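These notes are about the structure you will find just below.
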Ligand code: PLP
């Protein structure tokens, strides 16, 4: 049995084996992609190849991919009133968000606080489309930002339906596909996204690289976040992170090739894990279980459980899990996602996220269930609860 089982893939995935070699090769390149000499052209060539690979993952054109330093930066770049289209050159008036967005979207980008409105989700954590219709109908020039899959629950959002509603009202749709990419289909046209965010480290690339991808060159962001040398066609100045971008491209290529097989593998293990979890403690609750979810994610809680204690207990048993979103762990903060789903505060405080990946194994799941058995029996002794 493995010494440790890593079940925190939604926080970050390990570098894919195939990516390591590409990363090492790219690190050895001396040139700056902006230089005209042979060394510069060699660096430019690998960056452009990666752009093609990342574009292919979401069925976009390479010229519509802009590399950034992270998914967070891509979200920040996207969320601006200054998005022009041939039909509308005036600034976007409002930013509409679902109540379960990642903190990097909840922060609202370059919109003033007063221009931001949150939309409710149902008890399974899916956007309320009727609320979206009602709000968007009375908002001219809205920018709507909706994640494709939630990082805590894994619940998949009705993005294509939302796109139809948003476009009918003359709005634009930004989709944060950071958790969805490589796990479910992510076709920018099929989703109806005008802008889409990806992050390399969730799909087996290196940490610290992301991309903002637009549907076509009809979408123009008029205020770049970082201005200077004109890299990324003026959208993101600064010498490119060549090795990180190359690794992102390599990871995107593998993710695209292996997606269906890896999703089936993760789903089989996740089902094993959830069946075992609830067999050990029938009162355990799996959040978002009534909705379509990513194949790798389980967010659960049980009466009497405290997430911080449970995460430490699992860690001592050799298992890496997290309490809700990684960005908010360290600070004991109730999950805004579960609050929006109407989950009671005591159950929310116990929420632990288990997220699997392409190299998770049945032995990892067994190890997790062994640890859960111990934890659940300690809980029931402590609280006199039939866990
Ligand atoms: N969006 C979602 C849904 C995420 O889960 C994350 C990271 O956890 C991000 C955006 C931010 O990506 P990055 O870590 O590349 O800044």
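Please indicate, with yes or no, whether at least one residue in segment 333-342 is within 16 Å of the ligand (Cβ to nearest atom), farther than 28 Å from residue 122 by Cβ and free of Cβ contacts under 8 Å to residues at least 60 places away in the same chain. No, segment 333-342 has no match at all. Inspection of segment 73-93 identifies no residue that is surrounded by fewer than 17 Cβ atoms within 10 Å (Cβ to Cβ), within 16 Å of the ligand (Cβ to nearest atom) and on the phi < 0 side of the Ramachandran plot. Evaluate segment 265-273: report whether one residue or more is away from the ligand (no atom under 14 Å from the Cβ) and loosely packed, with under 15 Cβ neighbours inside 10 Å. Checked against the condition, which is being away from the ligand (no atom under 14 Å from the Cβ) and loosely packed, with under 15 Cβ neighbours inside 10 Å, segment 265-273 yields at least one hit. Taking segment 171-190 as the range and being surrounded by fewer than 24 Cβ atoms within 10 Å (Cβ to Cβ) and touching a helix residue (DSSP H, G or I) at 6+ places or on another chain (Cβ under 9 Å) as the test, the residues that pass are 172, 184, 185, 188, 190. Residues considered: 59, 10. Of these, the only one that is in contact (Cβ under 8 Å) with a residue 60 or more places away in the chain and more than 15 Å from residue 203 (Cα to Cα) is 59.
Against the conditions (1) touching a helix residue (DSSP H, G or I) at 6+ places or on another chain (Cβ under 8 Å); (2) surrounded by fewer than 22 Cβ atoms within 10 Å (Cβ to Cβ); (3) not in a loop (DSSP other than H, G, I, E, B), residue 300 satisfies every one except (2).
Of the residues in segment 172-189, at least one is farther than 18 Å from residue 55 by Cβ and without any contact (Cβ under 8 Å) to a residue 40 or more places away in the chain. In segment 26-37, the count of residues that are closer than 22 Å to residue 179 by Cα and either crowded, with 21+ Cβ neighbours inside 10 Å or more than 16 Å from the ligand (Cβ to nearest atom) (or both) is zero.
Determine whether residue 249 is crowded, with 22+ Cβ neighbours inside 10 Å and in contact with a helix residue (DSSP H, G or I) (Cβ under 6 Å, 6 or more places away or on another chain). If you could, list the steps in order and put the result at the bottom.
Working: crowded, with 22+ Cβ neighbours inside 10 Å: yes; in contact with a helix residue (DSSP H, G or I) (Cβ under 6 Å, 6 or more places away or on another chain): yes.
When the stated conditions are applied, residue 249 passes them.
Number of residues in segment 196-219 that are surrounded by 13 or more Cβ atoms within 10 Å (Cβ to Cβ) and more than 22 Å from residue 10 (Cα to Cα): the value is 4.
The single condition from (1) in contact with a helix residue (DSSP H, G or I) (Cβ under 8 Å, 6 or more places away or on another chain); (2) outside any strand (DSSP E or B); (3) over 21 Å from residue 227 (Cβ atoms) that residue 42 fails is (1). The one condition from (1) modelled with pLDDT under 95; (2) within 15 Å of the ligand (Cβ to nearest atom); (3) outside any loop (DSSP other than H, G, I, E, B) that residue 330 does not meet is (3).
From the list 60, 50, 55, which residue is outside any helix (DSSP H, G or I), at pLDDT 95 or above and within 20 Å of residue 178 (Cβ to Cβ)? Spell out how you get there, then give the answer.
Values: 50 fails: outside any helix (DSSP H, G or I); 55 fails: outside any helix (DSSP H, G or I).
Answer to the check: 60.
With respect to the conditions (1) farther than 30 Å from residue 321 by Cβ; (2) within 19 Å of the chain's Cα centre (by Cα); (3) in a loop (DSSP other than H, G, I, E, B), residue 92 lacks only one, and its number is (2). Residue 222 meets each of the listed conditions (1) without any contact (Cβ under 8 Å) to a residue 60 or more places away in the chain; (2) surrounded by fewer than 19 Cβ atoms within 10 Å (Cβ to Cβ) apart from (1).
The values are calculated or read from the model by the stated rules, or taken from the named source; none is laboratory data. Not measured: the values here are computed from a predicted model. For neighbour counting, all protein chains shown are included, and Cβ atoms are generated from backbone atoms with ideal geometry for every residue, glycine included.
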